[in-house]
Amino acid sequence: MQLESRIWDASHEDILLFRLTASDGAYIEVSNYGATWVSAYMPDAQGRYADVLLGYNTLQGYLDDTSYIGSTVGRYANRLRNAAIEIDGTTYPLEANDGTNTNHGGVDGWHRCVWQWCEIPGGVRFMLTSPHLQGGFPGRVEAIVEYTMTDDHQVTIRHRATTDAPTHVNMTCHAYFNLSGKAQSVDNHLIQIFSDRILDTTAAFIPTGMVVAVQDTPFDFTTPHTIGERRMLDNEQLKWNRGYNHCYPLGQPGECHQAALVVEESTGRRMLVETTLPAVLFYSAGYLQSDSEGKCGVPHAPTTGFCLETQFYPDTPSHQHFPSTLLREGDTYDYTTRFSFDTI
């Protein structure tokens, strides 16, 4: 595996773009700005290569982005109700950047940080020190994100964190995929999600605490369905989310789970997602938008990408029966997600 790096933009000499290239020419690109996954250049069934990640051709696009495209989200992925958490009897107010709630770590979460870096076998490691009360979260956290790739197109992302005081951590990669490699709807993508339940939520996307069965609902992807087949049905949850934006429990944290399998039949590209995290959030990007041009020369539009955000449950601190995200001194947050690309 070949690793190359370059300064991405001459006006930001501390921000680099790294390329990991496989023996057949497939590659991924990542950046230490936001520990961001920038590109995934993969072959189709005819051997034609295309970038299957949404993103921008320039660093400025990512600096201006408001959709977390490709970024590492932290300190806490997804929403926390009423912009506050309570730990050991102390309440910590957080940044309210989604109505009255906190989303994806606040306005200046980890997706806005420039990370340190070093080379590792088969990839690159990004390192960040998140100070006590960054975004309101307690504890000084040392975070690590590692990207590695193999010659058979397996991309592995490992998230690690330690803290010097009790805090909540929930990291994810917020990559948007379009396996066609084009600026077009992902409604034709076939997706199978290896879970028969979702978290019930309010209209503000906050979990109610209930975990409900998907059988006989538009959220049942236990067998493959296209993203667009039921996305516009007359369903309250689908209307709130402009499609899918739902968390699917997978099992116990630390165990390896198959999360999802996606196929784009016109190109034959296929992607399998496996993770040691306890859930995957499937987002059909109903709220996606950008002012900057994307890689295909047009701004990003709703449903032109999809996300499979492996993570802990949203708003876990409010629900004692959810798998805990509380990280204490001496413990290590350490979870891995693998994206395997091939063709049918």
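The values are calculated or read from the model by the stated rules, or taken from the named source; none is laboratory data. None of the values given here were measured: they were computed from a predicted structure. All Cβ positions, glycine included, derive from the backbone under ideal geometry; neighbour counts span all protein chains shown. Please note that ligands, DNA and RNA were not included when accessible areas were found on the heavy atoms of the full protein model with its side chains. Shrake-Rupley method; radii C 1.70, N 1.55, O 1.52, S 1.80 Å.
Tell me, please, whether a residue that is surrounded by fewer than 19 Cβ atoms within 10 Å (Cβ to Cβ) and of a type in the set (Ser, Thr, Tyr) can be found in region 138-159.
Yes, region 138-159 contains a residue that is surrounded by fewer than 19 Cβ atoms within 10 Å (Cβ to Cβ) and of a type in the set (Ser, Thr, Tyr).
Please indicate, with yes or no, whether at least one residue in region 245-265 is within 18 Å of residue 176 (Cβ to Cβ) and part of a loop (DSSP other than H, G, I, E, B).
No; the residues of region 245-265 include none that is within 18 Å of residue 176 (Cβ to Cβ) and part of a loop (DSSP other than H, G, I, E, B).
Take the conditions open to solvent by 70 Å² or more (accessible area, probe 1.4 Å) and over 30 Å from residue 28 (Cα atoms) and apply them to residue 112. Does it pass?
Criteria not met by residue 112.
What's the number of the only condition in (1) out of contact with any Ser or Thr (no Cβ under 7 Å at 6 or more places or on another chain); (2) open to solvent by 20 Å² or more (accessible area, probe 1.4 Å); (3) not aromatic (Phe, Trp, Tyr) that residue 81 fails to meet?
(1) is the only condition that residue 81 fails.
Please state which one of 23, 71, 67 is in contact (Cβ under 8 Å) with a residue 40 or more places away in the chain, over 30 Å from residue 246 (Cα atoms) and of a type in the set (S, T, N, Q).
23
Of the conditions (1) part of a strand (DSSP E or B); (2) out of contact with any Gly (no Cβ under 8 Å at 6 or more places or on another chain); (3) free of Cβ contacts under 8 Å to residues at least 60 places away in the same chain, residue 30 fails just one. Which one is it?
So the condition that residue 30 fails would be (3).
Which residue out of 310, 304 is out of contact with any strand residue (DSSP E or B) (no Cβ under 9 Å at 6 or more places or on another chain), within 20 Å of residue 70 (Cβ to Cβ) and open to solvent by less than 30 Å² (accessible area, probe 1.4 Å)?
From the options 310, 304, the qualifying one is 304.
Restricting to region 216-244, and then to whatever is open to solvent by 30 Å² or more (accessible area, probe 1.4 Å) and among the polar types (S, T, N, Q), can you tell me which residue is modelled with the lowest pLDDT?
235
Of the residues 68, 41, only one is hydroxyl-bearing (Ser, Thr, Tyr) and part of a loop (DSSP other than H, G, I, E, B); which?
68
Could you figure out which of (1) in contact (Cβ under 8 Å) with a residue 60 or more places away in the chain; (2) crowded, with 19+ Cβ neighbours inside 10 Å isn't true of residue 8?
Of the numbered conditions (1) in contact (Cβ under 8 Å) with a residue 60 or more places away in the chain; (2) crowded, with 19+ Cβ neighbours inside 10 Å, the odd one out for residue 8 is (1).
Give me a count of the residues in region 171-215 that are of a type in the set (Ser, Thr, Tyr), surrounded by fewer than 22 Cβ atoms within 10 Å (Cβ to Cβ) and modelled with pLDDT of 95 or more.
Final tally of qualifying residues: 3.
Search region 112-135 for residues that are more than 20 Å from residue 5 (Cα to Cα) and pair each with any residue that is among the hydrophobic types (A, V, I, L, M, F, W, C) and assigned to a strand (DSSP E or B) when their beta-carbon atoms are under 9 Å apart and the residues are at least 6 apart or on different chains.
Within 9 Å, the pairs are 129/141; 129/143; 130/141; 130/143; 130/161; 131/141; 132/141; 134/141.
Out of the residues in region 320-344 that are outside any strand (DSSP E or B) and open to solvent by less than 20 Å² (accessible area, probe 1.4 Å), state the one that is nearest to residue 173 (Cα to Cα). Break it down stepwise before answering.
As a first pass, look at region 320-344 and keep what is outside any strand (DSSP E or B): 320-325, 328-332, 344.
Still in the list and also open to solvent by less than 20 Å² (accessible area, probe 1.4 Å): 322, 325.
Values: 322: 21, 325: 17 Å.
So the residue we want is 325.
Please go through region 136-155 and give me each residue that is touching a residue at least 24 places away in the same chain (Cβ under 8 Å), part of a strand (DSSP E or B) and not hydrophobic (A, V, I, L, M, F, W, C), ordered by number.
146, 147, 148, 154
Rundown of residues vs (1) buried (at least 22 other Cβ atoms within 10 Å of the Cβ); (2) closer than 25 Å to residue 287 by Cα, yes/no style:
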residue: 24; (1), (2): no, no
residue: 33; (1), (2): yes, yes
residue: 36; (1), (2): yes, yes
residue: 49; (1), (2): no, no
residue: 55; (1), (2): yes, yes
residue: 60; (1), (2): no, yes
residue: 71; (1), (2): yes, yes
residue: 100; (1), (2): no, yes
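If you scan region 156-178, which residues turn out to be part of a strand (DSSP E or B) and farther than 21 Å from residue 253 by Cβ?
As a first pass, look at region 156-178 and keep what is part of a strand (DSSP E or B): 156-163, 167-168, 170, 172-173, 177.
Once the filter is applied, which keeps residues that are part of a strand (DSSP E or B) and farther than 21 Å from residue 253 by Cβ, region 156-178 yields only 177.
For region 19-64, enumerate the residues that are closer than 13 Å to residue 175 by Cα and among the acidic types (Asp, Glu).
29, 51
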